[in-house]
Amino acid sequence: MFDGIRRAVSFLRRRRVEEDPLVKVAGTIHQVEVDVWQTALERQGIKATVRELAPEASPPVGRPSWEVWVRLSDETRARLILGLSGRSAIRLPRHKAEE
């Protein structure tokens, strides 16, 4: 009985994550800046994920860079908190995150 309930809960969690994917809201080459962004978002109740890109994959060549990702449902608020609001910024096409 409990095994069936666990499977159902696991399915519902997985489905909720698939319906609310991660989206990138900001990127920078300055680690201090990304730390400030993450702190600001988390103080407002938005869970922010920071990803560090490998130096060879980030411009300019050889410099590391960082990206801030949030759930799609939090994207608009996150952009407003970071000062990145505006129609053109909010309505960009979104690509699914590789997890």
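Every number in this text was worked out from the coordinates using simple rules, so none of it is lab data. The structure displayed is predicted, hence computed values, not measured ones. Methodologically, a virtual Cβ is constructed for each residue, glycine included, from the backbone with ideal geometry; neighbour enumeration extends over all protein chains shown.
Quick notes
- Amide H to amide H distances under 5 Å link residue 65 with 53, where only residues 5 or more positions off or on other chains count and H is placed in the peptide plane.
- Cβ-to-Cβ counts within 10 Å put 75, 67, 42 in ascending order as 42, 67, 75, the fewest first.
- In plain terms, the chain from residue 54 to residue 73 could stretch by 4.1 nm, reckoned as 0.36 nm per residue minus the Cα-Cα distance.
- Counting neighbouring beta carbons within 10 Å and listing from fewest to most, the residues 74, 20 come out as 20, 74.
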